[in-house]
Amino acid sequence: MSQDRAVFLEGSLMRHITVMALTSSVGLMAVFLVDLVDMIFISMLGRDELAAAVGYAGAILFFTTSFGIGMAIAAGALVARSIGQGDSEAAQRKAATALIYGVGFGGVFAAFVWWQIPALLGLLGAKGTTLELGTHYLQIIVPSLPLLMVGMVGGAILRAHGAAKRAMLATLVGGAVNAVLDPILIFGLDLELTGAALASVAARISIAVAAFYPLLRDFGGLARPSAADMRLDFAPLMTIALPAILTQLATPVGQAYVTRSMASFGEDAVAGMAIVGRLTPVAFGVLFALSGAIGPVIGQNYGAGEMARVRQAFREGIIFTGAFVVLMAGLLFVLRAPIADAFSAQGQARTLVFLFCGPLALMFFFNGVIFVGNATFNNLGHPYYSTWINWGRHTVGTIPFVLLGAAWFGAPGVLLGQAAGGVVFALLAALMARRVMLTSDSAGAASTPYARQSRLMALFSFRR
């Protein structure tokens, strides 16, 4: 039975945001928690080069995952707007075309990355045995990107329907599969890094199946698109997806620079950064999920012309971000020593973990503001604003700060510099989001969405 009622047009917006963010993040954190456990297992093997290889590989996987996030944002925004307008047939068709294009483009992107794995790792600073281990690890995982695309796009479509718990369940299933297989393959079969990679592939298969099945069973299925439908939906999908992908790719590009900067301080520092990299999405998974979670709330109300609720959703998203960061930063500070002990972190690695679990965690508020701003831009017809903000954040908002931080404070300065650059761009994102909401209000909310992207849409339109 189809469930296309626009559930976010009434009721408490804070409740909608909280439920969507928490349920979405549970699934995300389930996956990231398994990655964290992977790192603990690898650390238990007592080989620094293995931990460093995972750290370098993580930057590349972040790059490929960002491509999937961009396609998921586009699918969720288009489907949510159709639901808000009461057009269930269009919602089903757009869901189908988004999945088809996502898998297709994901396959091409995965093939390119797989071909360039050694070169990409080399650019990050990996050498010798660490380079060989990282290459082997990635050669197993990267070909599964199209399966991850099915899971991510499917989850975004479920959230667009307001079915956050269904999307959460899909990632929970994947996390459970990974958690069960990790110790069996890594230790039981003595496959070490190979076992961790195979468990990740199995998890991606599980997520794809668990996200796709509810769409067919409970939400009216997918309308089989004709060739004309594929042409019709390509332009609006790419109008959102291309800037969203470019937006998401900014983060791993910035992270790649940070990784290379940290490499100059040795494998111990890279291993410490890898631990922080696994801790961050687990600790702040709620905020990572917030952009995708608040998007359907904004999208449905924008589609229905309820601009007052759009502005309120933005404000309450910022309030939610601040409250969560304060609570999580306090928890991390209390648990900083047990966390470092769990990874057997010593020396430079322990210093970096303590830094993350101290003042650095509070700085994540500014990342959260950017996430809320990006959701606003993507759903109110200005996706390229997200691109500009993110690329600015991860270039001029990262490189000079990291350079100065490394010069003044060494390895800890790399992380401090990376965090400091977010302040200016968070303020800029908030100001631009306010302007977009005011402009959309005066122009008429649902009249011509993405009208300013018409040139891009024309560029992407198929010609007979």
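We did not get these values from a lab; they are worked out from the coordinates using the rules stated. Every value quoted in this text rests on a predicted model; they were computed, and no experiment measured them. So basically every Cβ, Gly included, is an ideal-geometry build from the backbone, and we count neighbours across all protein chains shown.
Structure notes:
- Farthest positive-ward along the stretch 12-460 dipole, Cα basis, beta-carbon charges - from Ile186, Gly410, Met328: Met328
- Annotation: amide H of Gly266 has no partner in the under-5 Å range at sequence separation 5 or more or interchain, hydrogens built in the peptide plane.
- C-alpha long axis of helix 128-141 to longest principal axis of the chain, angle in °: 30 degrees
- For the pair the stretch 130-191 and the stretch 44-89, the centres of their Cα atoms are 10 angstrom apart.
- Note on the stretch 12-460: dipole from Cβ charges, positive end direction compared against Gln300, Thr64, Ala283; the farthest Cα belongs to Gln300.
- Cα centroid separation - the stretch 349-407 against the stretch 291-330, whole Å: 18 Å
- Take the Cα radius of gyration of the stretch 12-460 and divide it by 2.2 N^0.38 Å, N being the number of residues; the result is 0.93.
- Once the Cα atoms are used to define both axes, helix 285-303 deviates from the longest principal axis of the chain by about 10 degrees.
- Hz values of 3J(HN,Hα) by residue in the stretch 249-257 - Karplus curve (6.51, -1.76, 1.60), Gly and Pro given as x: 5, 4, 5, x, 5, x, 5, 4, 5
- Which of Ile40, Ile319, Thr251, positive extreme of dipole for the stretch 12-460 (C-beta unit charges): Ile319
- The angle between the Cα long axis of helix 411-420 and the main principal axis of the chain comes to about 20°, on a 0 to 90 degree scale.
- Cβ charges +1 (Lys, Arg) and -1 (Asp, Glu), total dipole of the stretch 231-316, debye: 200 debye
- Total charge dipole magnitude, the chain, about the Cα centre, Cβ charges on Lys, Arg, Asp, Glu only, Debye to nearest 20: 1300 debye
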